[in-house]
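The values are calculated or read from the model by the stated rules, or taken from the named source; none is laboratory data. Treat the numbers as computed from the prediction; the structure is a model and nothing was measured. Here the Cβ is made from the backbone with ideal geometry for all residues, glycine too, and neighbour counts use every protein chain on show.
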Amino acid sequence: MAIELREPTLIKQIEQLASETTQSVETLLEMAVRTYLDELEQGAIRRETQAFWTMHDELLQTHRGQHIALYHGTVVDHDEDVSRLEKRVREKFRSLPVLIAPVNPGPRRDLRWLGGKLANVESL
Amino acid sequence: MNEFPYDTLHDPSMPVCSVRLATILTGRHVELTAIIDTGADSTIVPIRHLQQIGARRAFEARLRSQWGEARTVFLYLVDLQLGEITLPGVYVVGDDLGQELVLGRNVLNRLRLLLDGPAALTRLLDNTVGVG
């Protein structure tokens with residue numbers, strides 16, 4: 001698939017950066033697009049995770065002990081076998097960001113790593 | 001092969017094992033050495049290996065150290081193989097900073113594992129797999 005850039009300033013900027021970093025324009029563009037898509041996916045999964053915890057009490061009534069798939073805040077599939085679920089989700093939603101998570105009782109809690117070194121920590 | 005020599009580059013030497021990381025989504029896999037860490041709730045995998053096999057983000061969580069520091073992380077779904085044991089559909093933390101694969105209790109609690117310090121060997125005692 002050929003993709004054409006039309007914004008002259010943007011083209012110049014990319015060409016200059018490619019020259020300075022001794023990378024091809026194609027490599028640079030691929031990196032930029034990959035980073036952008038990755039950020040979009042992070043944001044989408046973050047929103048789905050928030051929806052998951054908002055719905056958690058309700059999910060416990062309907063899907064306790066199962067793994068669910070959530071897309072745009074709606075349960076789109078569920079299964080006791082998470083591998084089977086993931087396969088179906090990817091067949092249907094391909095590369096779209098879909099949350100897959102277990103529905104277990106108990107409040108939201110942090111994972112613990114005793115002895116782990118966490119660089120670039122966030123303020124609490 | 002269900003015996004893995006300790007990593008003697010560390011002092012004291014460190015219990016490790018070989019792990020095959022894969023995903024059904026792409027069929028791609030990587031072979032890695034994992035640190036056995038009973039202090040970790042979850043298995044932690046450098047994100048570049050997850051990208052290498054094409055694993056996708058499953059959900060967001062927070063990971064906290066014993067000193068209370070916390071980071072937002074994403075969990076991914078992968079298949080793990082240790083020796084002759086295969087564990088499909090394991091949630092692992094994607095680590096965008098570290099370089100080491102850490103095998104945490106979400107996996108360790110499903111295995112019969114012997115840390116044979118005097119022999120400097122990690123032994124998977126049989127092929128029994130629990131639910132964790």
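Before moving on, here are some points about what is shown:
- The condition of being of a type in the set (K, R) and in contact (Cβ under 8 Å) with a residue 12 or more places away in the chain holds for only one of B:R110, B:R62, that being B:R110.
- Taking the conditions (1) more than 12 Å from the chain's Cα centre (by Cα); (2) surrounded by fewer than 21 Cβ atoms within 10 Å (Cβ to Cβ); (3) within 9 Å of chain A (Cβ to nearest Cβ) in turn, B:R56 satisfies each one other than (2).
- Among the residues of the range B:1-41, those that are assigned to a loop (DSSP other than H, G, I, E, B) and charged (D, E, K, R) comprise B:D11, B:R28, B:D37, B:D41.
- One residue alone among B:T43, B:T86, B:T122 is in contact with a Gly (Cβ under 8 Å, 6 or more places away or on another chain) and either among the hydroxyl-bearing types (S, T, Y) or within 11 Å of chain A (Cβ to nearest Cβ) (or both), and that residue is B:T43.
- Scanning the range A:80-96 for residues that are over 15 Å from A:G65 (Cα atoms), at the interface with chain B (Cβ under 7 Å from one of its Cβ atoms) and either in contact (Cβ under 8 Å) with a residue 12 or more places away in the chain or in contact with a His (Cβ under 6 Å, 6 or more places away or on another chain) (or both) gives a single hit, A:E86.
- Test: A:I100 is at pLDDT 95 or above, touching a strand residue (DSSP E or B) at 6+ places or on another chain (Cβ under 6 Å), within 11 Å of chain B (Cβ to nearest Cβ) and not in a helix (DSSP H, G or I): yes
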